[in-house]
1. Within the range 22-77, how many residues are part of a helix (DSSP H, G or I) and either of a type outside the set (Lys, Arg) or in contact with an Asp or Glu (Cβ under 8 Å, 6 or more places away or on another chain) (or both)?
2. Give me the pairs, please: first residue somewhere in the range 78-91 and closer than 15 Å to Asp138 by Cα and free of Cβ contacts under 8 Å to residues at least 40 places away in the same chain, second residue anywhere and hydroxyl-bearing (Ser, Thr, Tyr) and surrounded by fewer than 10 Cβ atoms within 10 Å (Cβ to Cβ), beta-carbon distance under 7 Å, and either six or more positions apart or on two chains.
3. Which of (1) more than 30 Å from Glu144 (Cα to Cα); (2) among the aliphatic types (A, V, I, L, M); (3) buried (at least 16 other Cβ atoms within 10 Å of the Cβ); (4) under 16 Å from the mean Cα position of the chain (by Cα) is the odd one out, the single condition Ile48 does not satisfy?
4. Please determine, by comparing only the residues of the range 83-99 that are closer than 17 Å to Lys65 by Cβ and buried (at least 16 other Cβ atoms within 10 Å of the Cβ), which one is modelled with the lowest pLDDT.
5. Report every pair of residues separated by at least 6 positions or lying on different chains whose Cβ atoms are under 7 Å apart, first residue within the range 37-59 and over 13 Å from Leu21 (Cα atoms) and in contact (Cβ under 8 Å) with a residue 60 or more places away in the chain, second assigned to a helix (DSSP H, G or I) and among the charged types (D, E, K, R).
6. Consider only pairs whose beta carbons are under 7 Å apart and that are at least six residues apart or on different chains; among these, list those whose first residue lies in the range 4-16 and is assigned to a loop (DSSP other than H, G, I, E, B) and whose second residue is aromatic (Phe, Trp, Tyr).
7. Collect the residues in the range 105-133 that are touching a residue at least 12 places away in the same chain (Cβ under 8 Å), among the charged types (D, E, K, R) and surrounded by fewer than 16 Cβ atoms within 10 Å (Cβ to Cβ), keeping them in residue-number order.
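The values are calculated or read from the model by the stated rules, or taken from the named source; none is laboratory data. Please read all numbers here as calculations on a predicted model, not as lab measurements. In this analysis, Cβ positions are derived from the backbone assuming ideal geometry, glycine residues included, and neighbour counts consider all displayed protein chains.
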Amino acid sequence: MRKKRKYNKNWEPDFKYGNVLIGKLINYIMYSGKKSIAQAVVYGALDILTKQKKDALEVFETAVKNASPQMEVKSKRIGGANYQVPREVRGERKIMLSLRWIINAARSRKGKAMAEKLAAELLEASQNEGNAIKKKMDTHRMAEANKAFAHFAW
């Protein structure tokens, strides 16, 4: 059986800050190809953080760093039983998971505009609080609980 090919995606930086991570965030937020709406949401959230007398890029970077997991579990079938095998998370996947968790946590908040919800979630994640950090801790707890199956790792 052949090895899976690895496709490298060249991510474009956003035009306002010139940051590749913000470009990724915009693309992850985007629905149905409406990039201008996603840009308005992200830039609105960063403007809200700037108005709160905080460096928006620094808050964003620390939020992504704090929300990125070190370990995760993957299911592996051995002898008719499925085991949750803990594995280390690669760099690209860390960033993708942290951005996804931040976006989902912001979307699950109620009552405000998306830019405000995203700004609040980024601020909480940069302070090691919020639902995205809770999701990361749950993932780490699950990996810790299944440490006994680490010898099944491939």
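1. So the count comes out to 33.
2. Nothing qualifies.
3. Of the numbered conditions (1) more than 30 Å from Glu144 (Cα to Cα); (2) among the aliphatic types (A, V, I, L, M); (3) buried (at least 16 other Cβ atoms within 10 Å of the Cβ); (4) under 16 Å from the mean Cα position of the chain (by Cα), the odd one out for Ile48 is (4).
4. Taking the range 83-99 as the starting set, the residues that turn out to be closer than 17 Å to Lys65 by Cβ are 88-99.
Remaining after also requiring buried (at least 16 other Cβ atoms within 10 Å of the Cβ): 89, 94-95, 97-99.
Values: Val89: 92, Lys94: 95, Ile95: 95, Leu97: 96, Ser98: 96, Leu99: 96.
For the range 83-99, the residue satisfying everything is Val89.
5. Ile48/Glu116
6. Once the first residue is assigned to a loop (DSSP other than H, G, I, E, B) and sits in the range 4-16, its partners that are aromatic (Phe, Trp, Tyr) give Lys16/Tyr43.
7. Of everything in the range 105-133, just one residue is touching a residue at least 12 places away in the same chain (Cβ under 8 Å), among the charged types (D, E, K, R) and surrounded by fewer than 16 Cβ atoms within 10 Å (Cβ to Cβ), namely Arg109.
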